[in-house]
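Participant: Okay, handing you the structure first.
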Amino acid sequence: MSDRYGLLGKHIAYSKSPVIHLYMAKKLGIDLTYDIIDCEEEDLSKWIKKLRHGDLQGLNVTIPYKQKVIKYLDEVTPKARRINAVNTIYLKNDKVIGDNTDYDGFLGLLTKHQIDVKDKNVSILGTGGAAKAAYTVLQDLGANITVVSRSMTDLKPFFTKVMTYQMINPKDVDMYINATPIGTYPKTEETVIEKHKVKDHIVIDLIYNPKETLLMRYAKQSFNGLYMLIIQALKSEEIWFNRKIDISIGLLEELKEVIYT
């Protein structure tokens with residue numbers, strides 16, 4: 001019988017995570033299924049119980065549950081605790097444990113694209129789980145970070161410098177990171193900020209579907225979130241399968257082709 005894995009989220013039919021995990025399972029010789037689990041918040045505990053009882057072997061978590069799922073877990077790793085968000089769940093010694101591989105994914109994206117953020121003024125658009133992972137990486141790399149939110153409430157003490165979208169001054173920004181879902185397929189003509197604020201700037205858009213968002217088209221130079229998606233998925237598999245995966249440029253390009261064909 002195949003091992004069962006899945007992705008917990010809401011309105012996530014567009015996700016390419018099953019493509020990655022099913023392709024890698026075949027490549028690694030592992031028999032598994034990987035399903036999109038589009039559920040309501042009140043159903044989260046039910047899916048965690050399935051994992052606890054052995055009906056599932058592992059879960060990923062995406063929008064909007066990366067923080068909401070934590071209360072149903074027995075433990076979270078130090079990295080996930082620091083970020084206060086979970087995207088990978090597994091069972092170990094009869095305990096349901098939450099980890100965060102978004103950190104590895106975002107760090108890998110910066111590394112693979114050779115993006116230097118040290119001492120740069122970086123504005124993160126959004127405040128959810130992906131934003132928190134990016135924020136933590138940027139802290140570790142020595143960036144000057146401002147988080148941009150629709151509302152100023154309940155964002156501290158995690159984020160130390162926060163402003164609203166109306167307060168953005170492009171002259172104070174070297175780089176934007178879009179950690180909101182605005183611009184994701186099928187609403188590809190939406191953008192989180194106006195063209196004049198990004199037209200002379202670097203943009204990292206954590207969206208990967210479409211390949212190029214409207215926000216990216218506005219920017220002087222842009223990168224999408226595909227490497228983050230792939231690397232976080234592979235790091236989840238390292239945890240689930242208890243094995244090291246060589247995350248080479250060759251493998252990233254191979255998976256990129258699989259996702260975009």
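The values are calculated or read from the model by the stated rules, or taken from the named source; none is laboratory data. Only a predicted model underlies this, so the values are computations on that prediction, with no experimental measurement involved. Cβ sites come from the backbone with ideal geometry, for glycine too, and all protein chains shown count toward neighbours.
Participant: Identify, please: which residue in the stretch 156-211 is at pLDDT below 95 and part of a strand (DSSP E or B) and is, among those, surrounded by the most Cβ atoms within 10 Å (Cβ to Cβ)?
Facilitator: VAL162
Participant: I would also like to ask the following. What about ASP104, is it farther than 20 Å from GLU237 by Cα and among the acidic types (Asp, Glu)?
Facilitator: Considered against the rule, which asks whether it is farther than 20 Å from GLU237 by Cα and among the acidic types (Asp, Glu), ASP104 comes out as no.
Participant: Looking at LYS79, LYS132, LYS118, LYS68, which is the one that is closer than 29 Å to LEU252 by Cα and not in a helix (DSSP H, G or I)?
Facilitator: LYS118 is the lone residue from the list that is closer than 29 Å to LEU252 by Cα and not in a helix (DSSP H, G or I).
Participant: One residue is enough: does the stretch 138-146 have a residue meeting the conditions touching a residue at least 40 places away in the same chain (Cβ under 8 Å) and among the charged types (D, E, K, R)?
Facilitator: Taking every residue of the stretch 138-146 in turn, none turns out to be touching a residue at least 40 places away in the same chain (Cβ under 8 Å) and among the charged types (D, E, K, R).
Participant: I'd like to verify a number: residues in the stretch 7-21 that are in contact with a strand residue (DSSP E or B) (Cβ under 8 Å, 6 or more places away or on another chain) and either in a helix (DSSP H, G or I) or not assigned by TED's automatic domain parsing to the domain that holds LYS50 (or both), how many?
Facilitator: Counting residues in the stretch 7-21 that are in contact with a strand residue (DSSP E or B) (Cβ under 8 Å, 6 or more places away or on another chain) and either in a helix (DSSP H, G or I) or not assigned by TED's automatic domain parsing to the domain that holds LYS50 (or both) gives 3.
Participant: Which one of THR62, THR111, THR88 is of a type in the set (Ser, Thr, Tyr) and assigned by TED's automatic domain parsing to the domain that holds ILE207?
Facilitator: Unique residue meeting the criteria: THR111.
Participant: Counting only residues that are of a type in the set (S, T, N, Q) and touching a helix residue (DSSP H, G or I) at 6+ places or on another chain (Cβ under 7 Å), which one in the stretch 42-91 is surrounded by the most Cβ atoms within 10 Å (Cβ to Cβ)?
Facilitator: ASN87
Participant: Okay, next question. Looking at (1) small (Gly, Ala, Ser); (2) within 20 Å of the chain's Cα centre (by Cα); (3) farther than 22 Å from ILE204 by Cβ, can you tell me which one ALA85 breaks?
Facilitator: (3)
Participant: Looking for something surrounded by fewer than 19 Cβ atoms within 10 Å (Cβ to Cβ), over 24 Å from LYS10 (Cβ atoms) and of a type in the set (S, T, N, Q) - is there at least one such residue anywhere in the stretch 92-102?
Facilitator: For the stretch 92-102, residues surrounded by fewer than 19 Cβ atoms within 10 Å (Cβ to Cβ), over 24 Å from LYS10 (Cβ atoms) and of a type in the set (S, T, N, Q): present.
Participant: Continuing with this model, one more query. List every residue pair whose Cβ atoms lie under 6 Å apart, where the two residues are 6 or more positions apart in sequence or sit on different chains, the first residue falls within the stretch 66-77 and is within 14 Å of LEU8 (Cα to Cα), and the second residue, located anywhere, is among the polar types (S, T, N, Q).
Facilitator: Here the result reads LYS66/ASN87; TYR72/SER45, each pair linking the stretch 66-77 to a residue that is among the polar types (S, T, N, Q).
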